[in-house]
Amino acid sequence: MFCDNCHKRGIVHRMVIQRSIGRSGNEYLYFFCAGRTVKDCSSSHISTARLEDAVIREYGKLQFTPDFLDLARTRIREALREKEAANLLLQKQLAATLKECASKEENLLDLAADGTIAKEKIRIRLTDIERQRTRVRDQLESVESNHAIAFS
């Protein structure tokens, strides 16, 4: 933000925020022109609330052309479609990983039944598979939740 008084005189000075503590111990935030520090500006301090109101009024004056709005809407729709496609792909990948976990688990259980591999090794691998399954389910739940929020 720049000082309007200085701008009218062809000078560019930024507005600087100042934190002050009043006699009662309350904190006050004010803006002032940086030109005041070099005696180049005599504008007064402005409360943050007053400055925020001025900024809101200025933004309220902004108007976009219909072409710009159409382009923005188109780009937003495209971005949402791409996000949806990426989410669906991720959901498929996570579902495939869950199937892989189930298949690995079945294979280990078959090996356990045959007595081919030590039970301790099977237990460790089954624990690893369960951890992976839990992580994948949590991730899948998160993706589905975010998808539901984005498209509700």
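The values are calculated or read from the model by the stated rules, or taken from the named source; none is laboratory data. Treat the numbers as computed from the prediction; the structure is a model and nothing was measured. Backbone-built Cβ (ideal geometry, glycine too); neighbour counts: all protein chains shown. These area figures cover heavy atoms from the full protein model, side chains too; ligands, DNA and RNA do not enter into them. Shrake-Rupley method; radii C 1.70, N 1.55, O 1.52, S 1.80 Å.
Let me know the number of lysine pairs in the stretch 80-152 closer than 29 Å at the Cα, not counting same-chain pairs under 8 apart. Value for the stretch 80-152: 7.
Take the stretch 1-98 with all the other protein chains still there, run a 1.4 Å probe, and you get 80 Å² of accessible area per residue. Projecting the Cα atoms of PRO66, VAL12, GLY35 onto the dipole axis of the stretch 9-68, where Lys and Arg carry +1 and Asp and Glu carry -1 at the beta carbon, places GLY35 farthest toward the positive end.
So if I place +1 on the C-beta of Lys and Arg and -1 on the C-beta of Asp and Glu, and nothing else carries charge, what would the dipole magnitude of the chain be about its Cα centre? I want it in debye, nearest 20.
With Lys and Arg at +1 and Asp and Glu at -1, about 800 debye.
Within the accessible area of the stretch 37-106, the carbon and sulfur atoms contribute 57%, probe 1.4 Å, all protein chains present. In plain terms, the C-alpha convex hull of the stretch 46-152 casts an average shadow of 12.2 nm² when viewed from every direction. For the chain, CYS101 stand unpaired, since no other cysteine beta carbon lies under 4.7 Å from theirs.
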